[in-house]
Structure formats: C-alpha cells, structure tokens
Amino acid sequence: MPTTVTLSLISHTNAGKTTLARTLLRRDVGEVRDAAHVTIFNEAHALINVGDVALVLWDTPGFGDSARLLKRLQRVDRPMFWFFNQVWDRLTDKPLWCSQQALRNVREEADVVLYLVNASESLVGGTFVEPEMEILDWLGKPVVVLLNQTGAPRPAEEEAAEEFLWRDHLTKFPIVSSVINMDAFSRCWVQEGELMHTISAVLTGAKREAFEKLSDAWTERNEAVFARSMQALANQLMANALDGVAVKTESFLQKLGFNRGSIESDWSEARQKLSESLAMRAEQAMNELIVLHSLEGHDETAALLGARRDFAEPKQVEAAVWSAVSGIATGALAGLIVDLKAGGLTFGGGALLGGLSGGFSAYALIKTYHLVRADDNKLHWSGEHFREQVKLALLSYLAVSHFGRGRGTWKRDPRPAHWQESVNMLIDEWRDKVEFVWKRSLRSDVSVSRVNEEMLIMMTDLGNEILRRLYPPAATPDT
C-alpha cells in the first residue's frame, strides 16, 4: 500500500521558507521575493520517491500577526475548533488568513513540522517565535526547528553553540524535538543527513519504516554526487600532474648560470602554457561541480583573456615574487578560479593563489611555486605546486557543495577563514600521501589508469575527511 511521509515547512512570514524549499528540492518552486506573505497557498512538492513510498514537502503561507492570533485563541475554550471554523478574507485580514492556511496544513497533512526561524534576529525571534510555538503546541505534531539566515558557514563549535542556545530557549515547548542549522544559502548536504536522522527519530510505526527507505535513498543520491565530484576533481588534478612542456636540455655552462637567456625564455613560455591549461581545467571542473549540484550558472571565462595577456610577456621570478608578497600580506585565499586565471599559482601573472602567509621568504615562495624537469625532459608543476592545486580543488568543492539553489545563480564568494585553515592543516598532514601520488604520476613505469585510480582514492579520502572536520555531528559519506 502506498505510504507518504509529509513534512510541513512553517515559519513567520518572510523567513525564507520557499528559498529553503528550493535548496532541498534542487529545483525552483514558488516565488521568492523580499516581502511578507508572498506564498499564500499551501503547495506540495515531492522531495523523493522510492517505489510506492514518497516524501512530500509542503511550503505554506507564513504566520502573520502571531501575537494577536494567540490572544484570540487563549480567550476560547476550544481554540483549534474555534480557529478552523472562522472565515477570514485573505484581502481584508491577510495575516490571519495565511496563518489559518498554514495551521490547517499542519493539522491535516503534517507528520513532522519543520519550523524555520530567522537566526540573524535576536534569540527570541522578535515577538513571534514563542506565540507561534504555543499555537503549534495545540496541534501536537513534532517540531524540528531549523535555523535559517545564519550567514556564511562557520566553525562547527560556533554552530553547535548557537543550536544549544536555541534548544535551551525552547525547552519549555515539548513538541520541539531538535534544533538544527539549515541555512538555505549555505547549508552543506551532510547537514541534510543530520536532518533526516532527526526526522526518523520522531516518527513511529509504518511511517518510520517508510521514512528509513526514503532517508537511505536521499543519502545515496547525495553520496553519488559527492563521488562524481571527487572524480571530476581527480581527473583535473591528474591532467595537471601529467601536463608537461618540452624544453631544451641545459648545457653544463647554463647549469652554472651562464648564457641562460634562452633557457629562461623556454621556462617562461612553458609556465605560460601550463598555467593556461591549468586554468582551463579548473574552470571545467568548477562548471562540472555546478551541474552535479543542480545549480544554475557557470564559472566566468572572461578573466582567461587577462591571463593570456599577462603571460604574453614573461616576467623574472624574483620580481614577481616580491609583487606577490605584497599582494598576500593577509594570508587569505584571494578568490577562487578568477584569480587563478589572472595568474594565480604562477609567477607569470604576479599573483599567488593559496594558503600562504606574508611571512614567507622569497626563497620559500620560489621553491614552492617552481617547475620541475622530469625524466621525459619536460617541465611539470612541482610537488609543492601540486599540493596547492589539491587545496584549491577541495576549496572549490566546498564552495559549490555549500551553495544552496535557493540562493539563485552560482557565484563565487570569499571563502570562510576556517575552511582555508582546515584545508591547509589537512593537506599538511597528508603531505607524504599527496607527494607520493604526484611522484607516481611522473613515473613512466606506472600506468596512467593506475595513477588515476590512486588520485581518485586520495581525493575521496580527503573529501570525506574535510567534511568530518567541518561537520563532526553530521553524517558523512562513509559513516
């Protein structure tokens, strides 16, 4: 017999319900506008189906004047009976009419209520969270509180502390089963796994059994996107590692520093070719990630022209190093792919991309970003440079996997500082493993397919680990 598990998304008006619905659904539904009561009818959307079992999300009209409504309900003996027998015109008393539609949906449809709050406001949620909780309490359905509008992703301990404050504040309402960060703009998919676990815990009997199938399917779908994302990044890194440009062999005198003009010209041209290829692959990988995560838009391409212009006149390494030192005094990751295309990770464009600090010496910078000549007499990116590419790949993945569809068309933002810190620390700890895979890519006696397999394993392990560190309580791909 078909079974449907129903979630009702409830909140005060203009708290971002439809925006979150779009993020969870991975498609555009309803209308999003910065105004009160944009959604005025209950709207059902299928989240996922498994055979004859379905998970349905209802987007509802927002609560209106909750304090006024609560006062009215408190004056009658049978508040819900009275409330649902009232008739309000949606034009003359829109706030009460919308509240009625939302509560009718909870009463008639909901197995679990997802109550969305604007966490950017005060802890008490202005003047309406408590009245709305009291009203929902009369209906007796389990409530999971979702914290929306929390801003950019934050360290796990900060999010946990905020959840604790809200949970403590709402302990007076037994219907509240849990409080979870679920920002429509910046949630990560592993947080959805935590939400599924929480919903399962409040269901019973056949509903719970059905929901377990749905939750497993939801997790499998997210893990499939994760796996394909790691494959895309592994392919990009593999191509970067194998990429090489043939150059003339250095004579004995040139190795001693004499008559190096032609050698330096060869190396500058090789760096230009390698950098442009690297930028193109980074752009392609980013666009693949965007599609995999059901987002719209693409990474910009115009900056590639700037990279070609900058590389047209090779620069001396020393001059570019000092220019780079002044440009990264903060040690922050200065953008994503656009900086890469403008010369990032190279000396040619005079800008370095990566987790570097202004305290690096010129020698360290030269060593970190130099090219190496392999046995095939071609110039390749160095092992140090390859480690920075791995960092960039992980940061690229985090950027896309946190971008909720409800936010609109994809765009790049400054990376949260704790992402960069966590990625830097992780790659430092995995230095030997990353170095091992890079060296294997340059060996002629190791097949490309074998190295590609090792690259994928490395990226999958790194992707799993960075998610564990950023979201310790949440379900991650292999847990």
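Where a number appears in this text, it was derived from the coordinates with a stated rule and is not lab data. Treat the numbers as computed from the prediction; the structure is a model and nothing was measured. Counting neighbours? That spans all protein chains shown, and the Cβs are built from the backbone with ideal geometry, glycine included.
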Inset, instruction - Starting from 0 in steps of 10 Å, tell me what percent of the Cα-Cα pairs of region 57-148 lands in each bin. - result: 15, 52, 30, 3
Legend entry - Mean projected area in nm² (Cα convex hull; one quarter of hull surface) for region 3-187: 10.9 nm²
Inset, instruction - Using the structure shown, list the pairs from Lys172/Lys411; Lys141/Lys411; Lys378/Lys433 with a Cα-Cα distance above 31 Å, or answer none. - result: Lys172/Lys411; Lys141/Lys411
Legend entry - Kirkwood hydrodynamic radius of region 418-463, Cα pairs, Å: 11.4 Å
Inset, instruction - Work out from phi, with θ = phi - 60° and the Karplus expression 6.51 cos²θ - 1.76 cosθ + 1.60, the ³J(HN,Hα) of each residue of region 143-152, listed in order in whole Hz, and give x for Gly and Pro. - result: 10, 10, 8, 10, 8, 10, 6, 8, x, 5
Inset, instruction - Could you work out how far apart the two model spin labels at Ser294 and Arg228 are, taking each label as a point 7 Å from the Cα in the direction of the beta carbon, and quote it in nm? - result: 1.1 nm
Inset, instruction - Output ³J(HN,Hα) for region 406-416: one whole-Hz value per residue in order, computed from phi by the Karplus curve 6.51 cos²θ - 1.76 cosθ + 1.60 with θ = phi - 60°, and x for Gly and Pro. - result: x, 6, x, 5, 3, 8, 7, 10, x, 6, x
Inset, instruction - Rank by packing, highest mean first: peptides 428-438, 226-236, with packing defined as the count of other Cβ atoms within 10 Å averaged across residues. - result: 226-236, 428-438
Inset, instruction - Quick one: which residues, 5+ away or cross-chain, put their amide H under 5 Å from the amide H of His12? H built at 1.01 Å from N. - result: Phe63
Legend entry - Spin-label model distance (nm) - Ser449 vs Phe164, 7 Å beyond Cα toward Cβ: 5.3 nm
Inset, instruction - Based on the mean of other Cβ atoms within 10 Å per residue, sort peptides 77-87, 43-53, 394-404 so the most packed one is first. - result: 394-404, 43-53, 77-87
Legend entry - Ranked list, fewest to most other Cβ atoms within 10 Å of each Cβ, for Leu426, Leu392, Leu170: Leu426, Leu170, Leu392
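Starting from the Cα-Cα distance between Ser120 and Ser177, subtract it from 0.36 nm times their residue separation and give me the gain in nm to one decimal.
Difference between extended and current length: 18.4 nm.
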Legend entry - Long-range HN-HN contacts of Leu47 with modeled amide H, under 5 Å: Leu55, Val56, Leu57
